[in-house]
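Coordinate-derived values only; no laboratory data. Every value quoted in this text rests on a predicted model; they were computed, and no experiment measured them. Ideal geometry is used to build each Cβ from the backbone, glycine not excepted, and the neighbour counts take in all protein chains shown.
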Amino acid sequence: MKHHFSRRAFLAATGACSGMLALPDIARPVTPRDFVLTAAPARLPLVGPPHPETDVWCYDGQIPGPEIRVRQGDSVRVRVENRLSEPTTVHWHGVRLPNAMDGVPHLTQSPISPGETFTYEFACPDAGTFWYHPHQHSDVQIGRGLYGPLIVERHDPLPIDRDITWVLGDWRLLRDASISNDFGNMHDVSHNGRVGNTVTINGRVREEFAVRAGERLRLRLINAANARIFGLNFEGHRPQIIALDGQPVEPHTVEQVILGPAMRVDVVLDCEREPGRRCRVIDSFYSHLEYRLLDIAYGGEPPLRQSVQSRVPRLADNPVPEPDLTTAQRHLITLEGGMMGMMRGIDMRMMMERRVAWAMNGMASTEHVPEPLLTLKRGSSCVLELSNETAWYHPMHLHGHSFRVLSRNGKPTRYREWQDTVLLEPRERAEIAFVADNPGDWMFHCHILEHQIGGMMATIRVL
Ligand code: C2O
Ligand code: CU
């Protein structure tokens, strides 16, 4: 992925940071690194010849948008220009930033009108893999291609050979490769969202990913799809998960790397097969709908190294405050609705008329509304028990904080992973815990964007 800013600006910005201490201190004043993002329509070869190009909306004429890559503790200043025909905002998914920079229309800022600009400025306290996207009309704006990666590097990077980002996109295309216009239809809203028919990696349908035998990769996976959940199998390989939603986790291998919408998984991939070999990466999340995502294609060069790779080290933790479970206040949040599950107190006809299909604790918000579902005291530790009383998956995302996933269906999780988006299975219950240390009104919503617009969205106030 290329940088969109000039090399001169890049060098100047890097120079300004060199020699500074490696402290991820949010309060430390730093010279911000400057970026410009222009949201506008473009035409891009998503599928590739012989198919025509696709009319998309994107940042700086590319999908994904330009990679914003900074170091932990850096401040960024991003001037966003809106050249779309409708208002937009940019949300910095997973970054624990001040509320006014969170990019939620009407809640934290006025939407950026066509022709206008807005400048976001915030520090990046956590190293890891994050992403940015609109929070205005987001099922359409993200679904048409507005998203990009935000990578925050550690000051002591992992010893790896290549650092690769795969932004996974999912599109519902018609035969002429144009984007189907049926955004927000009631079927998608009340079932599993707008799952498309074309999956891209970094904005293209890919045949293969070239590797060299013996190399060790860090692969940063970002799910930017409206609704598709990925379950990736790397045939012939044993990827080790080292971070989830940007936050380090004890390195471990899994059968299938699962990413709900908005989730990030960082893996270390050791290329241990022989030169010339091809191995498939399969997405088998939805039963009977398995497909080959692409091949890992080994070049003919001799292996980069002969020796067996050393153990993958655990990344140092980010400065996320540890919740005190002995004093934590507890709240139950139930998720209701969808086909095959009724919502208490909401009648079916009203539901269809208002295009509401989902609720949280009986409240259905289809707009960004300030009335909070919960008000939490600033600095307090909180446990939220999430109870999915529906027949569907829900990736639930909290803004402004990372939380530990303590348990699932009453069973403690093995890694007590930090996440900003927890994927709940149908009928699953999970406990999450965090310190409500970031004042403001924060969205807590399902990141299947059709569920979000269908009512599965709420505000949590930290006061
Ligand atoms: Cu990725 Cu509320 O957002
Ligand atoms: Cu959902």
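What dipole magnitude, in Debye to the nearest 20, does the chain give about its Cα centre under +1 on Lys/Arg Cβ and -1 on Asp/Glu Cβ?
The dipole magnitude comes to about 600 debye.
Over segment 28-95, one equal point on each Cα, no solvent: what is log10 I(q)/I(0) by the Debye formula at q = 0.13, 0.28 Å⁻¹? One equal scatterer on each Cα of segment 28-95 leads to -0.48, -1.27. Note on segment 329-462: Kirkwood radius taken over Cα pairs, Stokes-Einstein applied at 20 °C and 1.002 mPa s, translational D equal to 144 µm² s⁻¹.
Considering only DSSP beta bridges where both residues belong to the chain, give the percentage that are antiparallel (nearest 5).
Details: 88 of 121 bridges.
Counting only bridges with both partners in the chain, antiparallel ones make up about 75 percent.
Set Lys and Arg Cβ to +1 and Asp and Glu Cβ to -1, take the dipole of segment 26-161 about its Cα centre, and tell me which of 62, 100, 38 lies farthest positive. Checked the options; the winner is 100. The P(r) of the chain has a tail past 41 Å containing 13 percent of all C-alpha pairs. Shape summary: segment 162-298 maps onto an equivalent ellipsoid whose semi-axes, from the alpha-carbon gyration tensor, are 28, 17, 12 Å in decreasing order. Look at the Cα gyration tensor of segment 136-196: its axes a ≥ b ≥ c give a/c of at least 1.5 with a/b over b/c, and that counts as prolate.
Once backbone amide H atoms are built at 1.01 Å from N, residue 316 has no partners under 5 Å, excluding neighbours fewer than 5 places away on the same chain.
The charge dipole of segment 162-298, taken about its Cα centre with unit charges on the Cβ of Lys, Arg, Asp and Glu (plus for the first two, minus for the last two), comes to roughly 260 debye. Report summary: the helix-based calculation at 222 nm, which adds -39500 (n - 2.57) for every DSSP H run with n ≥ 4 and divides by the residues of the chain, gives -2000 deg cm²/dmol.
You can think of it this way: the chain between residue 173 and residue 119 has 16.1 nm of extra reach, that is 0.36 nm per residue less the Cα-Cα gap. For segment 178-241 versus segment 286-340, the spacing of their alpha-carbon centroids is 14 Å.
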